[in-house]
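Below: the structure, in structure tokens.
Nothing in this text is a laboratory measurement; each read-out follows from the coordinates by a stated rule. Note that this is a predicted model, so its numbers are computed, not measured. For neighbour counting, all protein chains shown are included, and Cβ atoms are generated from backbone atoms with ideal geometry for every residue, glycine included.
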Amino acid sequence: MTIQEKIQTQMADAMRNKDPLRLSVLRMMKTAVKNKEVEKMKPLDENEVIAVLNTLVKQRRDSIDQFRKGGREELAQKEEAEIGIIQEYLPAAASEEDIQQAIAQAIRETGAATMKDLGKVMKATLALLAGKGADGARVSQMVKEKLSA
């Protein structure tokens, strides 16, 4: 069952169970995927759907930071609950060890030696971690540590 099919069936369950938060998040997810399909003018594959969902998670994290800075804790908690629901549809996040291995392999493949090679290493690393749900900011930080050592 694809992620999109899973979202559709879970929407029906959320309606039956009268779960307004879950229903709202599932509708938002479905709309975001549909908008991306319209933009690309073709159906999305699973990796593209995952990318859309990762974008939604990132937007929610940014909102949480802003809400907390503005003293709106109740809104930050709502966003955290939404992230929890979205993450149910994402593959398990890459472990610290997975990321380290991907960085080491990317450095070997690109022959990187200095911080000037950061872009090449990041591109190669994220390609190796595709579909594993790695946070780009965390990967970037780890790559910088490795290249500056």
Could you give each residue of the range 95-101 its phi-based ³J(HN,Hα) in whole Hz, using Karplus coefficients 6.51, -1.76, 1.60 with θ = phi - 60°, and x for Gly or Pro? 6, 4, 5, 4, 5, 4, 5
In a Debye calculation with equal point scatterers on the alpha-carbon sites of the range 96-148 and no solvent, what is log10 I(q)/I(0) at q = 0.17 Å⁻¹? -0.40
Label-zone membership for the range 73-97, site GLN105, 7 angstrom Cα→C-beta point, backbone N under 15 Å: 94-97
In the calculated pair distance distribution of the chain, what percentage of Cα-Cα distances lie above 26 Å? 39 percent
